[in-house]
Amino acid sequence: MNCKLEGKNVLITASSKGIGFAVADLFCKEGADVIISSSNQENLQNALKSLQTKYPNCNVSGRVCNLNKKEDIEELINYCNVQFGGVEILVNNCGGPTPGFFENLSEENWDYSYNQVLKSASLLIKLVLPYMKKNNWGRIINITSISVKQPVDNLLLSNTFRSALTAFSKTISNEVAPFNITINNVAPGYTLTDRFDQLIRHRAETAGVPYNEMVKTMSEAIPAKRFATPAEIASTVLFLGSELGSYITGTTISVDGGLTKSTY
């Protein structure tokens with residue numbers, strides 16, 4: 001299957017590990033020009049080395065970017081504009097907000113999560129839209145969570161701000177659709193990443209049960225009876241970023257092994 005992504009400029013944020021890295025890997029495989037980012041210089045360099053070794057013919061580069069800093073985001077987009085001409089496909093990814101129940105979360109937790117999840121994505125979208133409109137083509141994919149369809153206990157901040165990003169994206173998808181620009185969300189379920197491992201440990205500690213028991217409990221709640229791999233999430237992102245998903249916009253697709261109970 002030809003996704004027609006050769007030479008397309010793809011920016012993937014928070015992509016040195018986990019789902020973001022899996023997305024970068026697939027776009028490299030398809031021959032796209034890929035820009036990755038991370039707030040950690042060492043992680044970024046390790047990811048770049050891995051991709052360049054695996055795909056020696058791929059034009060892949062990276063920049064350090066803290067998504068909670070407006071100036072970092074602006075510098076990242078400026079780099080993409082200067083070095084690649086602009087961003088044709090934007091994949092908004094970020095780390096998960098601090099877990100916790102309402103009374104345990106500080107004002108700083110709320111501010112940080114707002115900047116991390118919602119403000120960063122809205123700013124990135126605002127900065128890439130002029131180039132996409134000029135070319136009458138663009139793809140924007142936000143990696144969110146199943147929490148936008150079915151709130152997850154102990155993840156209040158994720159439930160709140162990822163849902164807000166979903167509403168934001170749905171609204172502006174209608175505004176940019178005449179320019180052949182699509183905006184969609186991919187909502188992963190429980191996926192085997194470092195971040196998810198931390199969540200399991202936090203839940204086990206909160207419940208006062210062993211780690212392995214929590215793994216068993218969480219996996220058995222999924223109809224597929226297993227957690228997802230990052231590559232399984234990335235394949236949906238790739239589809240939405242290609243011509244194959246050209247008539248899908250303003251939509252949230254769950255990739256969760258059947259975990260979400262909603263019918264939409």
For Ser219, what is the net charge nearby, where nearby means another residue's Cβ is under 10 Å from its Cβ and Lys, Arg count +1, Asp, Glu -1?
-> +2
On the formula 1/(1 + (r/R0)^6), with r taken between the Cβ atoms of Tyr247 and Ala164 and R0 of 25 Å, the FRET efficiency rounded to 0.05 is 0.45
Given 0.36 nm per residue, what is the gain on full extension from Leu123 to Tyr211 after removing their alpha carbon distance, in nm?
-> 27.9 nm
Take every DSSP beta bridge with both residues inside the chain and express the antiparallel ones as a percent of the total, to the nearest 5.
-> 0
FRET efficiency estimate (nearest 0.05) - Cβ-Cβ, Lys261 to Lys225, R0 22 angstrom = 0.85
Per residue, how many Å² of accessible area does the chain show with a 1.4 Å probe?
-> 47
Label corresponding to semi-axes √(5λ) of the Cα gyration tensor in Å when calculated from the structure given, among (1) 26, 22, 19; (2) 102, 24, 17; (3) 29, 20, 19 = (3)
Contact order relative to length of segment 53-147, as percent, for alpha carbon pairs under 8 angstrom and 6 or more apart | 37
Work out how much length Phe179 to Thr53 would gain on full extension: take 0.36 nm times their residue separation and subtract the Cα-Cα distance, in nm to one decimal.
-> 41.7 nm
What span do the alpha-carbon atoms of segment 114-262 cover on each of the three principal axes, reported in whole Å from largest to smallest?
-> 55, 30, 26
Mind listing P(r) for segment 107-155? All alpha-carbon pairs, 5 Å bins, whole percents.
-> 5, 16, 18, 21, 16, 11, 8, 4, 1
Calculate I(q)/I(0) for segment 19-128 by the Debye formula, one identical point scatterer on each C-alpha and no solvent, and give its log10 at q = 0.23 Å⁻¹ to two decimals.
-> -1.33
Here the Kirkwood hydrodynamic radius of segment 102-183, Cα-based and in Å, equals 13.8
With each run of n ≥ 4 DSSP H residues scored as -39500 (n - 2.57), what mean residue ellipticity at 222 nm is computed for the chain after dividing by its residue count and rounding to the nearest 500 deg cm²/dmol?
-> -14500 deg cm²/dmol
Would you mind telling me the share, in percent, of accessible area of the chain contributed by carbon and sulfur at probe 1.4 angstrom?
-> 51
Which value results for Rg/Rh of segment 222-264 when Rg is the Cα radius of gyration and Rh the Kirkwood radius based on the inverse mean 1/r?
-> 1.01
Cα-based reach from Lys54 at 25 Å (exclusive), listing lysines while leaving out same-chain residues under 8 positions away | Lys4, Lys8, Lys17, Lys29
Which number comes out as Rg/Rh for segment 1-71 once both Rg and the Kirkwood Rh are worked out on C-alpha atoms?
-> 0.98
³J(HN,Hα), Karplus 6.51/-1.76/1.60, whole Hz, each residue of segment 103-110, x for Gly, Pro = 6, 9, 9, 8, 4, 5, 4, 5
If the cut-off is 18 Å between C-alpha atoms, which lysines fall inside it for Lys149, apart from same-chain ones fewer than 8 positions away?
-> Lys170, Lys261
Relative contact order of the chain, pairs being alpha-carbon contacts under 8 Å that are 6 or more residues apart, as % = 20
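The values are calculated or read from the model by the stated rules, or taken from the named source; none is laboratory data. Every value quoted in this text rests on a predicted model; they were computed, and no experiment measured them. When we count neighbours, we look across all protein chains shown, and the Cβ atoms used for this are built from the backbone with ideal geometry, even at glycine. The protein model used for the area step is the full one, side chains on, heavy atoms only, and it has no ligands, DNA or RNA in it. Shrake-Rupley method; radii C 1.70, N 1.55, O 1.52, S 1.80 Å.
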